[in-house]
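Participant: What follows is a structure written as structure tokens; I'll ask about it next.
The values are calculated or read from the model by the stated rules, or taken from the named source; none is laboratory data. Fair warning: this is a prediction, and the values are worked out from it, not measured in the lab. Here the Cβ is made from the backbone with ideal geometry for all residues, glycine too, and neighbour counts use every protein chain on show. Surface accessibility is based on the protein's heavy atoms, side chains included, excluding ligands, DNA and RNA. Shrake-Rupley method; radii C 1.70, N 1.55, O 1.52, S 1.80 Å.
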Amino acid sequence: MSTLTVEDKKIILDSIRDIHDFPKHGIVFKDITTLLSTPHAFDTLMTHLSDRYQSYDLDYIAGIDARGFIFGSILADRLGLGFVPVRKKGKLPYTTVAEKYSLEYGFDEVEIHIDAFGEKEKPNVLLIDDLIATGGTAKAAANLIDKVGANCVEACFIMELAFLKGREGFNAPVYSVISLD
Ligand code: AMP
């Protein structure tokens, strides 16, 4: 299993930009567009993830709308696996299964295609997104993987806002490349 060196972690962390008060006052938004536009940092991250997951017995990578699509599809390609999008409500064209989750005010909903993981019985799926905050989005996505008959082997995040305790109560192991206190 691959572990990141302190230097590699710093390369990745330094490439992510903090935007204060976006999308609203009091939020520090972790902007990964600057990671994507820094080839050495992006490659350091993707090489770490492909090293880590090549020994897992995975069938698919599922990425969460929208930044999870970027990391998930590149990782799927590097590992020779299929990629499956978990999308916000109303975006997927075929028959879907949906899962609601709570936000600070109100709720949101994510969907997956009912046949997303093909014919194999209980395929192994890695779930990926850029960031876990409260964990509501990723837990809903993991429930969807379960609902369509697949096995969420692990949930992977580039960043974790550990003080929000999003990993608590997750029904799969959680891995974050960078955990922020
Ligand atoms: P949550 O459901 O609270 O874990 O929120 C996770 C989702 O919201 C992920 O798709 C993140 O991309 C996004 N998100 C939440 N907080 C932040 C933040 N501080 N910076 C960037 N993205 C965030």
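Participant: Probe radius 1.4 Å, ligands and nucleic acids left out: which of S176, S73 has the largest accessible area, and how do the rest follow? Show your work: numbers first, answer last.
Facilitator: Details: S176 15, S73 50 Å².
Sorted descending by solvent-accessible area, the residues read S73, S176.
Participant: Also, I was wondering about something else. Quick one: if you stick a label point 7 Å off each Cα along the C-beta vector at D18 and R78, how many nm between them?
Facilitator: 2.7 nm
Participant: What is the local net charge at T34, summed over the other residues whose Cβ is closer than 14 Å to its Cβ (Lys, Arg +1; Asp, Glu -1)? Walk me through the intermediate numbers first.
Facilitator: Working: positive: R17, K30, R67; negative: D14, D18, D31, D130.
Around T34, the surrounding residues sum to -1.
Participant: Something else about it: Provide F69, F157 ordered by accessible surface of protein heavy atoms (probe 1.4 Å), highest first. Spell out each step's value before the answer.
Facilitator: Numbers: F69 45, F157 0 Å².
Largest accessible area first, the residues go F69, F157.
Participant: Suppose all protein chains stay in the model; what accessible area per residue would a 1.4 Å probe give for the chain, in Å²? Walk me through the numbers before you get to the answer.
Facilitator: On the way: 9320 Å² over 181 residues.
Heavy-atom SASA per residue in the chain reads 51 Å².
Participant: Of the accessible area of the chain, with the probe set at 1.4 angstrom, what percent is carbon plus sulfur? Could the numbers behind the result be given before it?
Facilitator: Details: 4820 of 9320 Å².
Of the solvent-accessible surface of the chain, carbon and sulfur hold 52 percent.
Participant: Another question about this same structure. Quote the relative contact order of the chain in percent (integer), defining contacts as alpha-carbon pairs under 8 Å separated by 6+ residues. Numbers along the way, then the final one.
Facilitator: Values: 341 pairs, mean separation 29.2, N = 181.
Normalised by residue count, the contact order of the chain is 16 percent.
Participant: Cross-link partners among lysines for K88, C-alpha distance below 19 Å, same-chain residues fewer than 8 apart left out?
Facilitator: Hits, sequence-local ones excluded: K100, K139, K147.
Participant: Which whole-Hz couplings ³J(HN,Hα) result when phi for each residue of region 131-147 is put into the Karplus expression 6.51 cos²θ - 1.76 cosθ + 1.60, θ = phi - 60°, listed in order with x for Gly and Pro?
Facilitator: 8, 10, 10, 6, x, x, 5, 5, 5, 5, 5, 5, 5, 5, 4, 5, 4
Participant: Can you list the lysines whose alpha carbon sits under 24 Å from that of K9, skipping same-chain ones fewer than 8 residues off?
Facilitator: Answer for K9, where 24 Å is the Cα cut-off: K30, K165, listed by chain and number.
Participant: Packing-wise, with mean Cβ within 10 Å as the measure, how do 74-83, 20-29 rank, highest first? Present the calculation step by step, with values, prior to reporting the outcome.
Facilitator: Values: 74-83: 17.4, 20-29: 9.6.
Answer by packing, highest mean first, reads 74-83, 20-29.
Participant: Related question: Have a look at S2, T38, T134 and report the one farthest towards the positive end of the charge dipole of the chain, computed about the Cα centre with Cβ charges (Lys/Arg +1, Asp/Glu -1).
Facilitator: Going by the charge dipole, the pick is T134.
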